[in-house]
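Here the structure comes first, spelled out in structure tokens, and everything after it is commentary.
The values are calculated or read from the model by the stated rules, or taken from the named source; none is laboratory data. All values reported here derive from a predicted model rather than from experimental measurement. Positions of Cβ are backbone-derived with ideal geometry, glycine not excepted, and every protein chain shown enters the neighbour counts.
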Amino acid sequence: MTSIPLIAGNWKMHGTAEMAAQMLSELKAGSQEISNVQFAVFPPFTYLYECQQQLASTAIGYGAQNVSDKSNGALTGEISTTMLTDLGCQFVLLGHSERRHLLGESDELITKKLIAALSSGLRPILCIGETLEQRESGKTLTIVKEQLAHALRLQDNLPALSSMVIAYEPVWAIGTGKTATPDQVETVHLAIREFCCELLPNIGEQLPILYGGSVKPENAAGLSAMPNVDGALVGGASLKIDQFLEIGKKWKQQ
Ligand code: PGA
């Protein structure tokens, strides 16, 4: 474990203003009993103001699910890093598989977003992971290393890179109920760790590596016991605050 575990909740395109307010107040209350775990939530953009209102004076982090690589301009529908930091965001998710595969984001674009995020002081959670077809054809490690290499080759320009978090999320395990086994996860996390150390000898050892893909209270204990799994990126189960907290407790027990 690199530091205190990070348990991040990706709400995706779910919720209403009322639900968001309720979930944040439940999270605030429940997380007080769980020390030594950092929680962070990633609601839709429209609820970030509510996060600022409710979480500003707490240890719970928050951030957006995406950001533009550009700082401003005629870009209808986009949101800049400054707009996020104005709302007190500390984090941003980048390269989620739904953005890569459903919305066509390339490694090049994700790298530009990474630079924008790091330059503005946001802590990026860079998501990487293979599809089922890639796993079945034995390409898992090649794919995750390729995705990482794009981001990490910029090391020289980016002293802030040490604030980055990596999330390994096999595409076939996201929202499917199929979790990778702890051993499958650890194998990939260890390869990611070794690759980070090779490319970034000064910081590779410390970069947190989260696992995401159908994490639930029932499978969290096994995953959290793995030496290179530094926390979780939770989708579906993060919408139920009791489950999200329960997942955090499993990591705390390690
Ligand atoms: P899931 O989503 O937990 O619902 O599988 C994880 C994610 O997409 O980050």
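Candidates in the stretch 175-201 are the residues that are at pLDDT below 90 and touching a strand residue (DSSP E or B) at 6+ places or on another chain (Cβ under 9 Å); of these, the one that is nearest to the ligand (Cβ to nearest atom) is T179. Each residue in the stretch 82-112 was checked for being within 13 Å of the ligand (Cβ to nearest atom) and either farther than 15 Å from A160 by Cβ or surrounded by fewer than 17 Cβ atoms within 10 Å (Cβ to Cβ) (or both), and 9 of them qualify. I'm trying to understand the selection: among the residues of the stretch 21-40, which are closer than 21 Å to L6 by Cβ, at pLDDT 95 or above and touching a helix residue (DSSP H, G or I) at 6+ places or on another chain (Cβ under 7 Å)? Correct list: M23, L24, E26, L27, K28, G30, S31, V37, F39. Among the candidates A59, A74, the residue that is more than 14 Å from the ligand (Cβ to nearest atom), within 20 Å of the chain's Cα centre (by Cα) and of a type in the set (A, V, I, L, M, F, W, C) is uniquely A59. Please find, within the stretch 117-140, the residue that is nearest to the ligand (Cβ to nearest atom) out of those that are more than 20 Å from P208 (Cα to Cα) and part of a helix (DSSP H, G or I). Taking the candidates together, the pick is L132.
Within the stretch 214-254, which residues are assigned to a strand (DSSP E or B), within 10 Å of the ligand (Cβ to nearest atom) and either without any contact (Cβ under 8 Å) to a residue 60 or more places away in the chain or closer than 18 Å to S3 by Cα (or both)? Passing the criteria: A232, L233.
When the criteria are applied in full, Y211 meets the requirement of being within 10 Å of the ligand (Cβ to nearest atom), closer than 11 Å to G129 by Cβ and buried (at least 17 other Cβ atoms within 10 Å of the Cβ).
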